[in-house]
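First comes the structure, then the notes that go with it.
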Amino acid sequence: MENLNGKEKVDGTKSVVDVDDNIIGELISKSQEAKDFAYCPYSKFRVGAAVLTPNGKIFTGCNVENACYTLGICAEKTAISKAVSEGYRDFTAIAIASDHNEQVISPCGGCRQFMREFGAHWDVYMTKPDGSYCQISVEELLPVSFGPSDLKGKKCEAS
């Protein structure tokens with residue numbers, strides 16, 4: 001494990017984009033703060049997210065549940081949607097936080113696809129409450145993914 005500003009990185013993977021360690025720390029901190037606003041009266045599972053744009057702006061989001069369970073929205077989608085609603089379409093990184101102490105929080109399949117809509121080559125920091133994290137790219141989270149370019153052509157020919 002690598003120590004970063006008093007926090008430990010759980011794996012040795014390399015970032016897709018060169019992001020300063022202080023910015024990573026701030027992104028993780030913002031994701032942890034965002035979970036405090038989670039509306040989760042049913043699952044009691046708080047999640048926060050913070051997404052970083054190439055110009056350094058950070059947008060946060062939390063999960064928002066609904067009595068009609070399928071209408072809830074994940075923290076990652078909230079943060080990305082806030083950024084998109086303000087004109088951003090490119091992202092450098094996203095940090096995801098929960099109260100889960102035993103392991104890092106991983107985005108659900110729907111959030112992986114939602115992130116992929118905005119590119120495969122940006123970093124995802126899956127964290128623990130103590131600030132330790134596992135870094136992986138969107139492409140690694142969702143290999144052989146479907147994205148906007150797939151609507152224009154084929155990835156490979158069937159044999």
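The values are calculated or read from the model by the stated rules, or taken from the named source; none is laboratory data. Computed from a predicted model, the values in this text were never measured in an experiment. Positions of Cβ are backbone-derived with ideal geometry, glycine not excepted, and every protein chain shown enters the neighbour counts. Just so you know, the surface numbers come from the protein's heavy atoms only, side chains and all, with ligands and any DNA or RNA stripped out. Shrake-Rupley method; radii C 1.70, N 1.55, O 1.52, S 1.80 Å.
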Report task. For residue 144, work out the one condition from (1) over 21 Å from residue 36 (Cα atoms); (2) part of a helix (DSSP H, G or I); (3) open to solvent by 60 Å² or more (accessible area, probe 1.4 Å) it doesn't fulfil. Result -> (2)
Report task. Scan 103, 135, 113 and give me the residue that is more than 12 Å from the chain's Cα centre (by Cα) and either in a loop (DSSP other than H, G, I, E, B) or not basic (Lys, Arg) (or both). Result -> 103
Report summary line: Within segment 5-63, the count of residues that are surrounded by 13 or more Cβ atoms within 10 Å (Cβ to Cβ), hydroxyl-bearing (Ser, Thr, Tyr), part of a loop (DSSP other than H, G, I, E, B) and modelled with pLDDT of 95 or more comes to 1
Query raised in the report: Say we look at segment 64-76 and pick out the residues that are open to solvent by 60 Å² or more (accessible area, probe 1.4 Å) and part of a helix (DSSP H, G or I); which of these is modelled with the highest pLDDT?
Result: 71
Report task. Mind counting the residues in segment 85-117 that are touching a strand residue (DSSP E or B) at 6+ places or on another chain (Cβ under 8 Å), under 21 Å from residue 56 (Cα atoms) and buried (at least 16 other Cβ atoms within 10 Å of the Cβ)? Result -> 9
Query raised in the report: If a residue has to be free of Cβ contacts under 8 Å to residues at least 60 places away in the same chain and of a type in the set (Ser, Thr, Tyr) to count, how many in segment 124-150 make the cut?
Result: 2
Query raised in the report: Under 8 Å by Cβ, and 6 or more places apart or on different chains, what pairs join a residue from segment 13-27 that is under 10 Å from residue 122 (Cα atoms) and of a type in the set (A, V, I, L, M, F, W, C) with one that is in a helix (DSSP H, G or I) and at pLDDT 75 or above?
Result: 16/139
Requested in this report: Would you please list the contacts, defined by Cβ atoms under 9 Å and residues six or more apart or on different chains, that run from a residue in segment 35-47 that is in contact (Cβ under 8 Å) with a residue 60 or more places away in the chain to a residue that is aliphatic (A, V, I, L, M) and surrounded by 14 or more Cβ atoms within 10 Å (Cβ to Cβ)?
Outcome: 35/47; 35/49; 35/75; 35/97
